[in-house]
Structure formats: structure tokens, C-alpha cells
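Data block below; observations after.
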Amino acid sequence: REVGLTAEAGAATGENKPLLRAVSGEAVWPPPMWLMRQAGRYLPEYREVRAKAGGFIKLCTTPEMAAEVTLQPIRRYGMDGAILFSDILMVPWAMGQGLRFAEGEGPVLDPIRDAAGVAALELEKVRERAAPIFETVRLTRAALNQHANKVSLIGFAGSPFTVACYMVEGHGSKDFHTARGMAFNDPALFGRLIRTLVDATTDYLLAQAEAGAEALMLFDSWAGMLPPSQFRRWVIEPTATIVRSLKRLHPSIPIIGFPRLAGPLIGEYAQRTGVNTVAMDTAMDPRFAASAVPANVGLQGNLDPLALIAGGAALEAEARQILAAMRGRPFVFNLGHGIEKITPPENVAQLVRIVRSGG
Ligand code: 1CP
């Protein structure tokens, strides 16, 4: 089976890719763009492959199919970035934790609540079990190189804190009481889980970089639930450790961090983790971020996915405000959270036109 794009985009050298330049700290205008969850259920072509795959994990671990859905939004919209199609929960899965994606109810894991559960995690199996995901990276990069050499391939993982939330809770939650409780009641145990995740995540991202990922993103979707002292301990410190290790082996690979709902701690996160770009959530004021985050650190974001569903004048006004606030900065246009499955695909095309006009 062939995975590819039709040849139309002009060839360019890797050094000239707008997204890589922007996430590395250069102001590029109009800004490059991609959208979180740009491959997904709002696209009929995704639903078609998803139905054939027979399960979400099967889709993530079948390289031809995963590469195909990674490329779909590139074909349709000409985004500047392709993000590996996988999930943050594939790291716990690769360490041997039971995981399933139940239709309509999201991820379900066999929860880990004690020392034996943490000790049973198989860090040494991650590379082997996740091999099909690295193969997806290789296939996708080869397809992008061949036909549309201006598009950057973004690899990713969840950040230790957010992944630990799911591992302990066993499912999605509004407040992750059990996981956050463990961080207070038994910080030694929670710390062992976080350290295991730091090691697994570093290795998993290194393997993606070796397979051809050109930038790496760390998703910390639940970071904003933590009080400042806990945010420093479970978000900033583990992220800084991962970034340091990645940079030792790949000094020039840009890293994007997404500390969702970090609020006023966004500046400290930017300065202390060493990420090259900080992704802003929907609640972040881009003007505040521009003042709190050092000028050599890129920003990414942060259109509300609901504005994208609305389309029309509401979408245009929101997008233009963000563009106006970010002009002159290293910046990547994106959403402030993942695209919703009821999003009309033509509204994404409208957004691309707005951003390409530069505001
Ligand atoms: O059946 C399906 O189609 C499942 C829907 C789906 C998709 C399309 C899930 C289940 N994961 C994904 C892909 C995915 N997840 C990507 C792929 C690349 C892209 O196009 O962006 C990425 C980067 C993620 C990251 C992810 N997964 C996050 C972090 C970002 C965020 O949204 O906050 C989180 C928290 C997850 C967990 C997860 N996986 C899937 C769902 C429905 C959820 C959320 C569960 C919950 O807490 O309610």
C-alpha cells in the first residue's frame, strides 16, 4: 500500500521549513500553522480509515494507516505541520498497562494505585512495543520528503503529570481526584511513577527523533489543576529533565511544551523547562503570554475550538485578534485545545485563508 501526497508543493530544504523556523524562535510572517487533533473524526476520510482499522489502538499501531491519517489534513489544507497520529496513552500501553478505547466513553486503563503497580511497569519494553509508532514516523517523513518538503513532522508524547493522571485514575475525569490525592498522600510513590514516566517518555521521544520527527511536543493537558508548588514539582521539573536529556543527544531539535491552564505560571514554565516554544491554551491572553515569556521563546495557539465550529465573522474576529497580538514574535498559529468532532471541515479552510493573509 502506498502512503503519499500528490506532488504539487515545491521542494524546499529542511532548513527553510517555516514551522521549524518559528518553533525554533524565529519570527516568520504570515505565521506557519497546524491544528491540534487535525487528524480526526471531523474529517470523513479519517472516519473511513478509522472504521476499517477495527479499533483505535489498532489504528495507532498499523503504520500504513496511521501515516495515512497523519497526511490527510496536509493534503486537504496544506498545513505547515503534520503531527504523528498516535495518543499520549500509548506510553503506558507500551509499558504494559492495560488500555482500551471504549466507543463513546474515551480511554479506560487498569488503574495503578500502589507500589506493586508502579514496579510492574516495563520500561525496557517501550521501544519494542512502540516500534510500529516509530515506523509510522518513518513512513510519514518519507512521504513528506518526497512530495511536500515544506511540511514539518511533529512527534509527541504526554507529559509525565498528565499521563500519570490517567494511569492512576484509570479514565478521563474533570478533576483527577485519585491521582492528585496520591501526589499529596504518598509523594514518594507518585514520584516513582513520575520518574518512570520521565525515563519512558525521554526514550520514546528519542526514538521518534531517530525515526525522523523534526520537532517534539509535550502535552500537559491537566497541568493547570495543580497549585504552584505542585506545578513546579510535577510539571516544571520533570519537563526540564526530559528537555535536558533530549537536547544532550539532539541539541537542535525544537521542543514545544503545552502546560494547559498554567495561567500566570506560563513565564516560569518557559524559563525553567528549556522548551523552545510554549503552546497557549484557550484561556491564555496572548498579550500576557507575550509579556511573560522571553522573546526568544516561541508561542503557539490559541484559537478556541468553538470559534472554529462557529465559523464566519466570529471565527474571523477571533483569529485576527490573535494574529494582531502575535505579530513580530516567533509564533505558530494553532487552536488552544484539540479540534472538536462537530467542526465543519470548510471552517478549517476558512481559517487557513485568514491565517495565510497574515491578519
Ligand atoms: O476513536 C477515535 O477516533 C478516538 C479519538 C482520539 C484521537 C483522534 C483519541 C482518544 N486520541 C486521538 C489522537 C490524538 N490524541 C493525537 C493525534 C494527533 C493530532 O491530530 O493532534 C494527539 C496529539 C492526542 C493527544 C491526547 N490524547 C491528549 C493531549 C491533548 C488534549 O487533547 O488535551 C489527551 C489528554 C489524550 C487522551 C485521549 N485520547 C483519546 C481521547 C478521547 C482522550 C481524552 C480523554 C479524556 O480525558 O476525556
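Laid out as a table, the results:
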quantity: Residue satisfying all of: in segment 114-144; touching a residue at least 60 places away in the same chain (Cβ under 8 Å) and charged (D, E, K, R); surrounded by the most Cβ atoms within 10 Å (Cβ to Cβ) among these; calculated: R141
quantity: Candidate set: segment 62-81, residues that are among the hydrophobic types (A, V, I, L, M, F, W, C) and more than 9 Å from the ligand (Cβ to nearest atom); chosen: the one farthest from V49 (Cα to Cα); calculated: M79
quantity: Selection status of A313, touching a residue at least 12 places away in the same chain (Cβ under 8 Å), among the aliphatic types (A, V, I, L, M) and over 23 Å from F219 (Cα atoms); calculated: no
quantity: Residue check for L20: within 23 Å of T202 (Cβ to Cβ) and near the ligand (Cβ under 8 Å from one of its atoms); calculated: no
quantity: Residue match in segment 46-58 (condition: within 12 Å of the ligand (Cβ to nearest atom) and under 16 Å from the mean Cα position of the chain (by Cα)); calculated: no
quantity: Only listed residue being surrounded by 18 or more Cβ atoms within 10 Å (Cβ to Cβ) and in contact (Cβ under 8 Å) with a residue 24 or more places away in the chain, chosen from H147, H171; calculated: H147
quantity: Count - residues of segment 202-217 that are touching a Leu at 6+ places or on another chain (Cβ under 8 Å), within 12 Å of A157 (Cβ to Cβ) and within 16 Å of the ligand (Cβ to nearest atom); calculated: 4
quantity: So N149, is it among the polar types (S, T, N, Q), at pLDDT 95 or above and away from the ligand (no atom under 16 Å from the Cβ); calculated: no
quantity: All positions within segment 25-68 that are small (G, A, S), farther than 22 Å from N334 by Cα and crowded, with 16+ Cβ neighbours inside 10 Å; calculated: A53
quantity: Members of segment 307-359 that are on the phi > 0 side of the Ramachandran plot and in a helix (DSSP H, G or I); calculated: G312
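The values are calculated or read from the model by the stated rules, or taken from the named source; none is laboratory data. Fair warning: this is a prediction, and the values are worked out from it, not measured in the lab. Cβ: placed from backbone, ideal geometry, glycine included. Neighbour counts: every protein chain shown.
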